[in-house]
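Engineer: Quick one: the structure is below, and I'll ask about it shortly.
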Amino acid sequence: MNENPYIDVPRKRGEVKALVRQIMSDWPEADGYHVIVGGDPMDFGLPMQSPYDGWSTIYPDRMILYVTGMQYWQTPAIMALVSHEIGHIVGDHAGGASEDEFQNHWDEYYADEFAFENVKHHYGFVPASSGLWLLRGFVDWYWELNSLTHPCSLDRWERLALNGYVPSDYHQHLQALGLDTNEGDRYDSLINH
């Protein structure tokens with residue numbers, strides 16, 4: 001088994017951009033968005049983001065979808081992450097966070113489920129690597145910590161499990177990412193209900 005569940009054939013920046021554009025092409029709501037891959041977001045006049053490996057965000061006022069750190073990711077992980085951002089566009093909550101924490105969290109849950117439905121529609125099932133962006137991307141900062149804009153990753157992961165998106169062998173994926181959540185029994189009860 002590969003030690004890094006993200007690893008696929010390494011892509012060049014242009015290949016990542018082409019893949020992101022291809023994913024976006026299924027959604028007319030994303031027409032007109034410019035894709036920027038990699039580099040320092042401040043070089044493009046965009047605000048600095050958390051420096052974890054692999055993330056994307058949208059800037060609807062400038063019609064930009066920015067992605068970075070994904071050149072080694074498997075396609076389902078890229079598709080899920082980009083589709084999450086498209087979910088914000090399609091769900092009409094791409095304008096940024098409001099002051100309503102409950103609404104912001106609901107918008108994130110919607111975008112997560114939108115992403116996994118898109119992956120499921122594309123492949124006919126949810127490949128194991130699809131959910132790892134959520135675990136890897138936010139675990140160090142937001143595993144059990146809610147913010148005004150995002151529910152904690154644990155709640156997001158549990159919600160995905162309840163809706164059948166979490167693979168039954170998720171423990172191996174958590175271990176491959178070096179994550180020890182001490183939540184095995186709770187996950188088992190969600191997945192094997």
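The values are calculated or read from the model by the stated rules, or taken from the named source; none is laboratory data. Here the structure is a predicted model, which means the values were calculated and not measured. Virtual Cβ from ideal backbone geometry, glycine too; neighbours counted across all protein chains shown.
Engineer: As an exercise: evaluate Y66 against (1) over 17 Å from E29 (Cα atoms); (2) in a strand (DSSP E or B); (3) over 12 Å from the mean Cα position of the chain (by Cα) and give the number of the one condition it does not meet.
Structural biologist: The one condition Y66 does not meet is (1).
Engineer: So, one more: Filtering segment 109-135 down to residues that are part of a loop (DSSP other than H, G, I, E, B) and at pLDDT below 90, which residue is surrounded by the fewest Cβ atoms within 10 Å (Cβ to Cβ)?
Structural biologist: F125
Engineer: Could I ask something else about it? Has segment 14-21 got any residue that is closer than 21 Å to N118 by Cβ, more than 13 Å from the chain's Cα centre (by Cα), loosely packed, with under 12 Cβ neighbours inside 10 Å and modelled with pLDDT of 90 or more?
Structural biologist: So far as segment 14-21 goes, no, none of its residues is closer than 21 Å to N118 by Cβ, more than 13 Å from the chain's Cα centre (by Cα), loosely packed, with under 12 Cβ neighbours inside 10 Å and modelled with pLDDT of 90 or more.
Engineer: Could you list, in sequence order, the residues of segment 74-107 that are closer than 18 Å to E29 by Cα and of a type in the set (D, E)?
Structural biologist: Scanning segment 74-107 gives E85, D92, D107.
Engineer: List the pairs whose first member sits in segment 91-115 and is over 22 Å from S130 (Cβ atoms), whose second member is of a type outside the set (G, A, S) and outside any helix (DSSP H, G or I), and whose Cβ atoms are under 6 Å apart, counting only residues at least 6 apart or on separate chains?
Structural biologist: Between residues of segment 91-115 that are over 22 Å from S130 (Cβ atoms) and residues that are of a type outside the set (G, A, S) and outside any helix (DSSP H, G or I), the close pairs are G95/P60; A97/T149; E101/L148; N104/T149.
Engineer: With the structure loaded, tell me whether W106 is in a helix (DSSP H, G or I), hydrophobic (A, V, I, L, M, F, W, C), surrounded by fewer than 19 Cβ atoms within 10 Å (Cβ to Cβ) and modelled with pLDDT of 90 or more or whether it fails that test.
Structural biologist: yes
Engineer: Turning to a different aspect of this structure: If you go through segment 54-90 one residue at a time, how many are of a type outside the set (D, E) and within 16 Å of H150 (Cα to Cα)?
Structural biologist: Selection size over segment 54-90: 8.
Engineer: How about segment 91-103: which of its residues are of a type outside the set (A, V, I, L, M, F, W, C) and either farther than 26 Å from Q74 by Cβ or surrounded by 19 or more Cβ atoms within 10 Å (Cβ to Cβ) (or both)?
Structural biologist: Within segment 91-103, D92, H93, G95, G96, S98, E99, D100, E101, Q103 qualify.
Engineer: Could you check, for segment 164-184, whether at least one of its residues is more than 22 Å from I23 (Cβ to Cβ), of a type in the set (A, V, I, L, M), at pLDDT 70 or above and not in a loop (DSSP other than H, G, I, E, B)?
Structural biologist: For segment 164-184, residues more than 22 Å from I23 (Cβ to Cβ), of a type in the set (A, V, I, L, M), at pLDDT 70 or above and not in a loop (DSSP other than H, G, I, E, B): absent.
Engineer: Within segment 136-153, is there a residue that is in contact with an Asp or Glu (Cβ under 6 Å, 6 or more places away or on another chain), surrounded by fewer than 12 Cβ atoms within 10 Å (Cβ to Cβ) and at pLDDT 80 or above?
Structural biologist: yes
Engineer: Okay, moving on. When segment 88-103 is examined, which residues are found to be aliphatic (A, V, I, L, M) and either part of a loop (DSSP other than H, G, I, E, B) or over 17 Å from W55 (Cβ atoms) (or both)?
Structural biologist: Correct list: V90, A94, A97.
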